[in-house]
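So the structure is just underneath, and the comments pick up after that.
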Amino acid sequence: MLVILKRDNEEVNEQAAQLIAGAIRKKPLLTLGLATGNTMVGLYQHLVRLHQAGWLDFSEVKTFNLDEYLGLPDSHPQSFQHFMHENFFRHVNVSPRNIHIPDGSIRGHYEAYCASYEQSIRAAGGIDLQVLGIGRNGHIGFNEPTSSLASRTRLKVLSRETLDDNAKFFGPEEGPSCAITMGIGTILEARKILLLATGGSKAAAVAKSIEGPITCAVSASALQLHPDVTFVLDEPAAARLAERDYYHRVLQMTSLLTPDRLS
Ligand code: GLP
């Protein structure tokens, strides 16, 4: 587990964009797992800038999004479909046929639909690089606390904390109470994982995920089981980590000995 400590949000986005760009340059046919949320907005802006400057080509990249709210039409301003098109896809050259986002408009036959989403990930050769954010309660995707660490793509009921966090986006309209999300087991099958966290509201979840016990109470703690995870954190998000000095030293040695891991 590599923990990259950055000063602020801007530096986190820059570092994450560099890692993703490096992965695409090494493997133009990369299968990229994508996430939504405020944390991702700046990252997508960086990737869009690299693309528009002619330094990054997404023409052969395949993408799979982690999750989508159940019951929102694609056009709803809070749907992840809408988020991804507005913040990323419409500004870059990912081919529409290579974009996969769980369909939140389905009614019934959820298990069959979720199994087909998993099947399309397998058909694409599996996810090479999965980008993650983290919820205040430690969720990744919408794997709320108590999710099975072996879970697969499925329908998930949102926790009270997530509903409260979402209330500001939905206003007086009642927000969705369920989502379709890749499972923790699905996420752990990605070859490489990159988790971004910024801001003090994530500090407790980040510390538990990296330094706490592996537990279904903190879904992101399952990432400790993965051999190639990189956390990119700003100072407020890293504030509750006990081993910050060690992570700084590891980072120095990484840039000396295996700089490839940082680009
Ligand atoms: C949602 C998404 C997660 C995301 C989380 C954090 O719940 N399902 O994938 O990581 O929000 O969002 P934010 O970056 O807005 O804090």
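Per the Cα gyration tensor, the range 149-263 maps to an equivalent ellipsoid with semi-axes of 29, 18, 13 Å, ordered largest to smallest.
Taken along its three principal axes, the alpha carbon spread of the range 1-155 comes to 44, 33, 31 Å, from the longest extent down to the shortest. Beta bridges from DSSP with both residues in the chain: antiparallel share about 30 percent, rounded to the nearest 5.
A simple count of charges around Gly183, restricted to other residues whose Cβ falls under 15 Å of its Cβ and scoring Lys, Arg +1 and Asp, Glu -1, yields -2. Normalised by 2.2 N^0.38 Å, where N counts its residues, the alpha-carbon radius of gyration of the range 199-263 equals 1.17. Residue order for Glu118, Glu10, Glu144, Glu174, fewest other beta carbons within 10 angstrom first, comes to Glu174, Glu10, Glu118, Glu144. Beyond 19 Å in Cα-Cα separation lie the following of the pairs Lys6/Lys62; Lys62/Lys156; Lys6/Lys202: Lys6/Lys62; Lys62/Lys156. Of the residues Gln18, Gln81, Gln52, the one that moves most in a GNM of the chain with alpha-carbon contacts below 10 Å is Gln52. Rounded, prolate or oblate: which one fits the range 27-108, using the alpha carbon gyration tensor with axes a ≥ b ≥ c (rounded when a/c is under 1.5, else prolate when a/b beats b/c, else oblate)? The shape class here is prolate. Cβ under 13 Å from Tyr110's Cβ, Tyr110 left aside: what net charge do those residues give with Lys, Arg +1 and Asp, Glu -1? With Lys, Arg at +1 and Asp, Glu at -1, the neighbours total 0. Highest GNM mean-square fluctuation among Ala150, Ala238, Ala21, for the chain modelled with Cα contacts below 10 Å: Ala150. A Gaussian network model of the chain, with springs between Cα atoms under 10 Å, assigns the largest mean-square fluctuation among Lys192, Lys168, Lys202 to Lys168.
In vacuo Debye scattering of the chain, one point per C-alpha: log10 I(q)/I(0) at q = 0.09, 0.16 Å⁻¹? With one equal scatterer per Cα and no solvent, log10 I(q)/I(0) is -0.37, -1.28.
When you filter the trypsin sites (Lys or Arg not before Pro) in the range 1-32 for DSSP loop state and at most 13 other Cβ atoms inside 10 Å of their Cβ, you are left with Arg7. Taking other residues whose beta carbon is less than 10 angstrom from the beta carbon of Asp74, and scoring Lys, Arg as +1 and Asp, Glu as -1, yields -2. Each Lys and Arg contributes +1 and each Asp and Glu -1, all at the Cβ; summed about the Cα centre of the chain, the dipole is approximately 480 debye.
Where a number appears in this text, it was derived from the coordinates with a stated rule and is not lab data. Bear in mind that the values here come from a model prediction, so they are computed numbers and not experimental data. Please note: Cβ atoms are built from the backbone with ideal geometry, for glycine as well, and neighbour counts cover all protein chains shown.
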